[in-house]
Amino acid sequence: MVAARVAAAAPRVGVLALQGDCDAHARAVEEAGAEAVLVRLPPQLAGLDGLVIPGGESSALLKLMARDGLFDALQAFAQAKPVFGTCAGCILLARRVVSPEQPSFGVLDVTVERNGYGRQLDSTILPAPTTLPGGPLEAVYIRAPRIVATGPAVEVLAQRDGAPILVRQGHLLAATFHPELSTDRRVHRLFCEMTRVPVAEPRG
């Protein structure tokens with residue numbers, strides 16, 4: 001019985017709380033069946049099963065991470081544990097960032113163009129075709145980046161005009177939109193399911 005209770009325990013999912021709507025992500029994580037933990041400092045990453053990196057302004061996030069000694073800790077976490085990046089979080093996970101170029105964790109094999117869908121005035125809500133069961137996703141775009149290239153290991157889960165907006169590569173998930181601002185919890189449920197799966201050791 002004890003083993004059964006342990007197996008059924010809710011995963012502990014961190015939400016990086018430096019910028020963006022971290023509270024909305026925390027609510028979405030809990031509605032998806034996990035325990036949400038706000039993360040502001042490296043020691044708070046210990047014991048987490050996964051991490052959500054919300055939106056915000058990616059260059060400002062880099063400065064905050066440098067101030068708090070978080071960049072290296074988050075990069076190492078993303079190499080070893082499931083991470084879900086939305087909007088600026090997607091930019092930070094990317095292997096390459098353009099318009100302009102900037103540092104990133106380099107763990108997700110995509111090239112991301114900052115503000116690829118326009119500035120604040122171009123923010124919008126659109127239905128997005130997806131491979132997830134349940135029909136189109138409600139995609140909320142706010143100064144959204146655009147994924148302009150994907151590597152062979154990257155699976156496209158949703159698109160906008162043929163361009164990827166939700167992608168997965170192994171234990172990494174990224175969206176150029178804001179699923180936390182919708183009542184649809186399919187994307188957060190997918191990520192919480194990912195946190196229950198052991199991450200494969202890198203080859204070589």
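Any chance region 166-186 includes a residue that's closer than 20 Å to residue 99 by Cα, crowded, with 16+ Cβ neighbours inside 10 Å and not aliphatic (A, V, I, L, M)?
Scanning region 166-186, I find at least one residue that is closer than 20 Å to residue 99 by Cα, crowded, with 16+ Cβ neighbours inside 10 Å and not aliphatic (A, V, I, L, M), so the answer is yes.
Restricting the first residue to region 5-31 and requiring it to be small (Gly, Ala, Ser), which pairs with a second residue that is at pLDDT 95 or above and in a loop (DSSP other than H, G, I, E, B) meet a Cβ separation below 7 Å and a spacing of at least six or different chains?
Close Cβ pairs satisfying both conditions: 10/33; 10/34; 14/48; 17/40; 20/54; 28/185.
Go through region 15-67 residue by residue and tally those that are in a loop (DSSP other than H, G, I, E, B) and crowded, with 24+ Cβ neighbours inside 10 Å. Working first, answer last.
Step one: filter region 15-67 for residues in a loop (DSSP other than H, G, I, E, B), giving 17-21, 32-34, 40-41, 46-49, 54-57.
Remaining after also requiring crowded, with 24+ Cβ neighbours inside 10 Å: 20, 34, 54-55.
Count: 4.
Which is modelled with pLDDT of 95 or more, under 25 Å from residue 71 (Cα atoms) and in a loop (DSSP other than H, G, I, E, B), of 153, 149?
Values: 149 fails: in a loop (DSSP other than H, G, I, E, B).
Step by step, each of 153, 149 is checked, and only 153 is modelled with pLDDT of 95 or more, under 25 Å from residue 71 (Cα atoms) and in a loop (DSSP other than H, G, I, E, B).
Considering each of 77, 84 in turn, give the residue that is crowded, with 19+ Cβ neighbours inside 10 Å, modelled with pLDDT of 95 or more and not in a strand (DSSP E or B).
On the way: 84 fails: not in a strand (DSSP E or B).
Going through 77, 84 in turn, just one is crowded, with 19+ Cβ neighbours inside 10 Å, modelled with pLDDT of 95 or more and not in a strand (DSSP E or B): 77.
Are any residues in region 150-163 free of Cβ contacts under 8 Å to residues at least 40 places away in the same chain and closer than 18 Å to residue 99 by Cα, and if so, which ones?
Within region 150-163, just 163 meets the criteria.
Go over the candidates 193, 180 one by one and state the one that is in a helix (DSSP H, G or I) and either touching a strand residue (DSSP E or B) at 6+ places or on another chain (Cβ under 8 Å) or under 14 Å from residue 108 (Cβ atoms) (or both). Give the derivation first.
Details: 193 fails: either touching a strand residue (DSSP E or B) at 6+ places or on another chain (Cβ under 8 Å) or under 14 Å from residue 108 (Cβ atoms) (or both).
Going through 193, 180 in turn, the sole match is 180.
Need the failing condition index for residue 45 against (1) within 26 Å of residue 117 (Cα to Cα); (2) in contact (Cβ under 8 Å) with a residue 24 or more places away in the chain, just the number.
Checking residue 45 against (1) within 26 Å of residue 117 (Cα to Cα); (2) in contact (Cβ under 8 Å) with a residue 24 or more places away in the chain, the one that fails is (1).
How many residues does region 139-155 hold that are crowded, with 17+ Cβ neighbours inside 10 Å and of a type outside the set (Lys, Arg)? Can you show your working first?
Going through region 139-155, the residues crowded, with 17+ Cβ neighbours inside 10 Å turn out to be 139-147, 150, 154.
Keeping just the survivors that are of a type outside the set (Lys, Arg) gives 139-142, 144-145, 147, 150, 154.
Residues meeting the conditions: 9.
The values are calculated or read from the model by the stated rules, or taken from the named source; none is laboratory data. All values reported here derive from a predicted model rather than from experimental measurement. Don't worry about glycine lacking a Cβ; one is built from the backbone with ideal geometry, like all the others, and counts go over all protein chains shown.
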